[in-house]
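**Q** Quick one: the structure is below, questions incoming.
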Amino acid sequence: MRLEPIATPGPLRLVALPLAALALTLVVAAGLVLAAGAAPLPVFGLIVTGAAGSEFAIVETLTRATPLIFTGLAVAVAFRARLWNIGAEAQLYIGAVTAVVLGTGATGLPAPLLVPLVMLAAMLAGGLTLLGPASLKTRFGVDEVVTTLLLNFIVLLFVSLLLEGPLKDPMALGWPRSEKIEAAAALPRLITGKRLHWGFVIALVSAGLVWFVLARTVFGYEMRAVGHNAQAARFAGIRVERVLLKTALLSGGLAGLAGYSEVAGLKGNLTLDLSPGYGYTGIVVAMLALLNPLGVVVSAVFVAGIFVGADAMSRSAGVPSYIAQVIVATALLSMVAALLFTRYRIRWR
């Protein structure tokens, strides 16, 4: 058995295989629901209702989708250039730490100046966090999958140290959390009384800007060229190492924005459980979107809706909410397989 490349996949293959992947996901999820002793169709209906059946549900889904858009974009940008960034979680937390340090620093700056200052600083901190592993890759050939993955644990330990030391809120009654950031550094809510904040708008703008960079700029062309074939790109005169370092700054900066938006827009302070794995879920989001920046928005809303809807479904139907993780994981695996078979066919010999 061997895989034979398909020069020009037909429209039927491009549409049918992703639809088949989604159908397989539903079949697997239905089997798990049946094993839990419930009927699949009512449970799926509860998930949809819990994610989009009311204004509250829609707002919660979009709020959950906001950090996923940022981390999904971070992964999509890096993967486009074949820079395997598995450390978006670390970059998110470094962005959050930067937001807290500057946002609680009593700078006295007004909101129109403080908000962009903190946001840019969080982006820079996240970018520099990925720049280290990228530099090790370009200079010494160190596998960035290993370095970025291990950096997640290192950064979490570093954040724990900060929350038990210099960043600890003295009024927290012993709980490891930071002080709340100043009101001038916080992102306002989009809807009064709801959790959705301006970080969602920033995420949408970021998706549009990333799409423009990838599709309409020289840097975007260089990224795609390096991702397709680094040796050919180097032969054509593209400075591959420089492109990878610039990609690392952009990718890490987007992940840093996720931490900034969670602190400045939603939580107000830094805790160890700020992210329930947004950096890792961003990989799923990016892959489901086939690394398309605009598709990342749709994919992030879909994944967030699954999680929010599963929480509501679990309370109503008694089915464990962990089924959401199975649905997302199955969707990722089946979509990756569908992507593979849109570009290759199996030949037996």
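The values are calculated or read from the model by the stated rules, or taken from the named source; none is laboratory data. What you see is a predicted model, and the numbers here were worked out from it, not measured in a lab. When we count neighbours, we look across all protein chains shown, and the Cβ atoms used for this are built from the backbone with ideal geometry, even at glycine. With ligands, DNA and RNA removed, areas are computed over all heavy atoms of the protein, side chains included. Shrake-Rupley method; radii C 1.70, N 1.55, O 1.52, S 1.80 Å.
**Q** Could you let me know the centre-to-centre spacing of the stretch 241-272 and the stretch 1-26, using Cα atoms, in angstrom?
**A** Cα centres, the stretch 241-272 to the stretch 1-26: 34 Å.
**Q** Under a straight-distance cross-link criterion of Cα-Cα below 25 Å, which lysines are reachable from LYS168, leaving out those fewer than 8 residues away in the same chain?
**A** Reachable lysines: LYS180, LYS267.
**Q** Would you grab the residues whose amide H sits under 5 Å from the one on ARG177? Only those 5+ places off in sequence or on another chain, please, with H modelled 1.01 Å from N.
**A** Those qualifying (amide H under 5 Å, at least 5 residues apart or on another chain) are ASP169.
**Q** I've got another one for you. Residue-wise, which Karplus ³J(HN,Hα) couplings in Hz belong to the stretch 208-225, taking 6.51 cos²θ - 1.76 cosθ + 1.60, θ = phi - 60°, and x for glycine or proline?
**A** Rounded to whole hertz, the list is x, 5, 5, 4, 5, 4, 5, 9, 10, 10, 5, 4, x, 4, 5, 4, 5, 5.
**Q** Whole-Hz Karplus ³J(HN,Hα) for the stretch 239-248, in order, using 6.51 cos²θ - 1.76 cosθ + 1.60 and θ = phi - 60°, x for Gly and Pro?
**A** Once rounded to whole Hz, the list reads 7, 4, 4, 5, 4, 5, 5, 5, 5, 4.
**Q** Please give the peptides 126-133, 297-304 ranked by average Cβ packing (other Cβ atoms within 10 Å per residue), highest first, as a rough proxy for protection. Could you put the intermediate results ahead of the total?
**A** Details: 126-133: 24.6, 297-304: 23.1.
In decreasing order of mean packing, 126-133, 297-304 become 126-133, 297-304.
**Q** Additional query: Please give the net charge around PHE307, taking every other residue with its beta carbon less than 10 angstrom from that of PHE307, where Lys and Arg add +1 and Asp and Glu add -1. Don't skip to the end; give the middle numbers.
**A** On the way: positive: ARG64; negative: GLU60, ASP311.
The answer is -1.
**Q** With θ set to phi - 60° and the Karplus curve 6.51 cos²θ - 1.76 cosθ + 1.60, what are the ³J(HN,Hα) couplings of the stretch 129-137 in order, to the nearest whole Hz, using x for Gly and Pro?
**A** For the stretch 129-137, the Karplus-derived couplings read 5, 7, 4, x, x, 5, 5, 4, 5 Hz, x marking Gly and Pro.
**Q** Find how many whole Å separate the alpha carbon centroid of the stretch 29-102 from the alpha carbon centroid of the stretch 118-191.
**A** 20
**Q** Ignoring ligands, DNA and RNA, what percent of the 1.4 Å accessible area of the stretch 59-290 is carbon and sulfur? Write out the running numbers ahead of the final one.
**A** Details: 6910 of 10130 Å².
Whole-percent figure for carbon plus sulfur exposure: 68.
**Q** Right, next: To one decimal place, what Kirkwood hydrodynamic radius in Å is obtained for the stretch 88-153 from all pairs of distinct Cα atoms? The partial results should precede the final answer.
**A** Working: mean 1/r = 0.0775 Å⁻¹.
Value: 12.9 Å, from the Cα pair sum.
**Q** In cubic angstrom, how much convex hull volume per residue do the alpha carbon atoms of the stretch 123-193 span? Walk me through the numbers before you get to the answer.
**A** Values: hull volume 11.1 nm³, N = 71.
Looking at the stretch 123-193, the number lands at 157 Å³ per residue.
**Q** If you don't mind, there's one more thing I want to ask. Over the Cα atoms of the stretch 59-290, what radius of gyration and what Dmax do you get, in Å?
**A** Here Rg and the maximum Cα pair distance are 17.6, 61 Å.
**Q** With a 1.4 Å probe and every protein chain left in place, work out the accessible area per residue of the chain in Å², rounded to a whole number.
**A** Numbers: 16810 Å² over 349 residues.
Heavy-atom SASA per residue in the chain reads 48 Å².
**Q** Sticking with this one: Got the relative contact order for the stretch 182-339 handy, in percent, Cα pairs under 8 Å and 6 or more residues apart? It would help to have the intermediate numbers written out before the result.
**A** Numbers: 110 pairs, mean separation 31.4, N = 158.
Taking the mean separation of contacting Cα pairs over the length of the stretch 182-339, I get 20 percent.
**Q** Next up: Give the long-range amide H neighbours of HIS197: residues separated by 5 or more places, or on another chain, with amide H under 5 Å away, using H modelled in the peptide plane at 1.01 Å from N.
**A** For HIS197, whose amide H was placed from the backbone, the distant partners under 5 Å are LEU190.
**Q** Highest mean first, what order results for 42-55, 75-88 on Cβ atoms within 10 Å?
**A** Details: 42-55: 18.2, 75-88: 26.1.
Listed from highest to lowest mean packing, they are 75-88, 42-55.
**Q** Tell me the net charge near LYS246. Cut-off is 11 Å between Cβ atoms, LYS246 excluded, with +1 for each Lys or Arg and -1 for each Asp or Glu.
**A** Details: positive: ARG239, ARG242; negative: GLU222, GLU241.
With Lys, Arg at +1 and Asp, Glu at -1, the net is 0.
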